[in-house]
1. Checking the structure you have, find out if any residue of region 58-79 is at pLDDT 90 or above and assigned to a loop (DSSP other than H, G, I, E, B).
2. Take residue 25 and tell me if it is assigned by TED's automatic domain parsing to the domain that holds residue 58, within 16 Å of residue 179 (Cα to Cα) and either over 27 Å from the mean Cα position of the chain (by Cα) or not in a helix (DSSP H, G or I) (or both).
3. Could you count how many residues in region 4-57 are at pLDDT below 90 and more than 25 Å from residue 203 (Cβ to Cβ)?
4. What helices (runs of 4 or more DSSP H) lie completely within region 91-181 and have 3 or more residues being farther than 30 Å from residue 27 by Cα?
5. Of the numbered conditions (1) exposed (fewer than 13 other Cβ atoms within 10 Å of the Cβ); (2) within 23 Å of residue 169 (Cα to Cα), residue 38 fails exactly one; give the number of that condition.
6. In this structure, does residue 124 turn out to be modelled with pLDDT of 85 or more and either in the same structural domain as residue 18 (by TED's automatic domain parsing) or surrounded by fewer than 18 Cβ atoms within 10 Å (Cβ to Cβ) (or both)?
């Protein structure tokens, strides 16, 4: 008969998210124990207390080696938060491109927030919600998507960060482990902007700061 510890180890080793989250101390052991409880009972073929699973997780976490490529992150400055944004996506047409120039002049003149991302088929415009009506009227085209109550988490990276393999993955991974949905991302050489629902800001900040050992 398989032990609880053996069953827990098998489950964690076959779930990369669980293994990484435990190794980095990002997950609540009690919540993980509740999540894998049915799988543990199926593997052990007996009734198992959630507390016993949490204890096995705690012992397993202490034995997990550090994740390769996850060295220390040094931020150039604190993570900054911008609330009250809206994300609007339009088809990438010649008319939309022309209208974007007018929108850029209008928003910049008012000193308001504006981020533009152009893809092959779509253009995404991120503005503060006070500028949403102006953005829609200036561009004219029907948006394919509108997301309101969006916040931006802006992370400043150092030269050391730029040479670190998987640095952007490390910033996004803890958000995924915590169930935070990322609405959009944008970046420059040393700035990485993560756009998400305002309700997830505190959870996202806690998850990100937990990775900055």
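The values are calculated or read from the model by the stated rules, or taken from the named source; none is laboratory data. Everything numeric in this text was worked out from a predicted model, so none of it was measured. Quick reminder, even Gly has a Cβ in these numbers, built from the backbone with ideal geometry, and neighbours come from all protein chains shown.
1. The initial filter retains those residues of region 58-79 that are at pLDDT 90 or above, namely 58-60.
Next, only the ones that are assigned to a loop (DSSP other than H, G, I, E, B) stay: none.
Checked against the condition, which is being at pLDDT 90 or above and assigned to a loop (DSSP other than H, G, I, E, B), region 58-79 yields no hits at all.
2. Values: assigned by TED's automatic domain parsing to the domain that holds residue 58: yes; within 16 Å of residue 179 (Cα to Cα): yes; either over 27 Å from the mean Cα position of the chain (by Cα) or not in a helix (DSSP H, G or I) (or both): yes.
When the stated conditions are applied, residue 25 passes them.
3. Selection size over region 4-57: 2.
4. Result: 94-110, 132-139.
5. (2)
6. Spelling it out, it is not the case that residue 124 is modelled with pLDDT of 85 or more and either in the same structural domain as residue 18 (by TED's automatic domain parsing) or surrounded by fewer than 18 Cβ atoms within 10 Å (Cβ to Cβ) (or both).
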